[in-house]
Structures are given as structure tokens and as C-alpha cells.
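Down below is the structure, laid out as C-alpha cells.
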Amino acid sequence: MREGFVTPISPNISLNFIKMGLPRLKLLMDVIRTCIGCRGKFPQKTLLRFTCHRKGTLQVDVEKKLTGRGAYVCRAEACIRKAFKAPNRINSLLRVQLSRAVIVQFEKTLLEWTEKLSPGVALPEGKRRNRNEDI
């Protein structure tokens, strides 16, 4: 290989970017996740993520940074209802054993939370909710 010659790894990235220390994932493409309700594939930014907290409760992960196993669902009411239709499925996806009451209560909380955001509308790009804001 000639000195100074850069071999492209993919059409979107070259070794120069790696040498400069730029993050590769942001250069390649948006992260794609699957909605557990409709099983459609969407950019991670448009889906809601929830995780199982160590205390045995479910929690909405607004910033998508909480630790633990999580799942993604669309903001549409139909997807949320379909995802939580079978509590055993939530338990198997999150690999935990939560009671049916906890799962049903979280479904109601999630539906109320999405209504606050205006039904069917995602948060505008760049807008984030405060951590202290009630869900």
C-alpha cells in the first residue's frame, strides 16, 4: 500500500476519520430499533424506551441512557396497547418477573405520558424534557 493512500472502509467513512478520532457510528447512519408493538423498524430518536428498574418497576427512559435491559415502543396509542396486551411478553423481553399489576399500571402511565406530548407527535429535533419534569 502506498504511503498517504487511504482505503475506504465503507462509502461513508475512510481511515482519515478514524485517525482523527471522530466517532464512527454518527458518521455511518442513525441507529435503528424495533417497536415491540407493531414490530416496525424506526430510528431510535422516534421511539420511546423503557427499562426495568432494580426495584421491580418499569421506568420511561427519556434520554435513552439508563442502564439495564430496555425495550422500545412507538408513541402511538395502538402500539402501546398492543405491546402491553400480554404481560408475559414484557417479562420475557426484559428478562424479569414483574407482576401483572405493575405492567398494567405502567401501561396506563405511558399512555398518559404520551397524551401530554400531543398524541402521535414526536418531540421536535433537539428538544429534550428535563429530568426533573414529572412523567
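Here are some notes:
- Annotation: amide H of D61 within the under-5 Å range of R49, F50, T51, sequence separation 5 or more or interchain, hydrogens built in the peptide plane.
- For K108, net neighbour charge (Lys/Arg +1, Asp/Glu -1) across residues whose Cβ lies under 14 Å away: 0
- Pairs from K64/K116; K45/K85; K64/K85; K41/K116; K55/K82 whose Cα-Cα separation, in the structure shown, is over 22 Å: K45/K85; K64/K85; K41/K116; K55/K82
- You can think of it this way: the chain between L66 and L93 has 8.1 nm of extra reach, that is 0.36 nm per residue less the Cα-Cα gap.
Rule-based calculations on the coordinates, nothing more; no lab input. Everything numeric in this text was worked out from a predicted model, so none of it was measured. Reconstructed Cβ throughout: ideal geometry from the backbone, glycine too, with neighbour counts over all protein chains shown.
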